[in-house]
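The values are calculated or read from the model by the stated rules, or taken from the named source; none is laboratory data. Keep in mind the model is a prediction, meaning the values are calculated, not measured. No Cβ is skipped: glycine too gets one built from the backbone with ideal geometry, and neighbour counts run over all protein chains shown.
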Amino acid sequence: MFNSNLGNIDRIGRILLGAAMLIAYTVFSGTSYGWIFLLGLLPMASGLLGTCPIYSMLNVSTNEAD
């Protein structure tokens with residue numbers, strides 16, 4: 001469906017960043033700004049799927065196979 005445009009290091013970094021943000025959400029969920037950590041779903045999803053819509057629009061790829 002989507003062309004993979006993320007390399008392995010980029011994917012791992014996005015998954016780790018997303019996981020850290022979701023963990024922070026559980027810690028800060030009672031605060032007024034805690035919802036912002038839910039944005040961690042975006043890098044995690046792009047890392048798990050292996051594609052980034054912004055990279056696609058800019059015609060950028062970190063995938064070594066390209």
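Can we say I36 is modelled with pLDDT of 95 or more, of a type outside the set (D, E) and exposed (fewer than 14 other Cβ atoms within 10 Å of the Cβ)? No. Looking only at residues of region 1-18 that are closer than 19 Å to M57 by Cβ and not charged (D, E, K, R), we find that the one that is nearest to the chain's Cα centre (by Cα) is L6. Every test in (1) at negative phi; (2) within 16 Å of the chain's Cα centre (by Cα) is passed by G50 save one, and that test is (1). Quick check on my filter: what residues within region 1-23 are of a type in the set (A, V, I, L, M, F, W, C), more than 21 Å from A65 (Cβ to Cβ) and surrounded by 15 or more Cβ atoms within 10 Å (Cβ to Cβ)? If the condition is that a residue be of a type in the set (A, V, I, L, M, F, W, C), more than 21 Å from A65 (Cβ to Cβ) and surrounded by 15 or more Cβ atoms within 10 Å (Cβ to Cβ), then L17, M21, L22 are the ones that fit. Scanning region 40-66 for residues that are closer than 26 Å to V27 by Cβ and exposed (fewer than 15 other Cβ atoms within 10 Å of the Cβ) returns L41, A45, L48.
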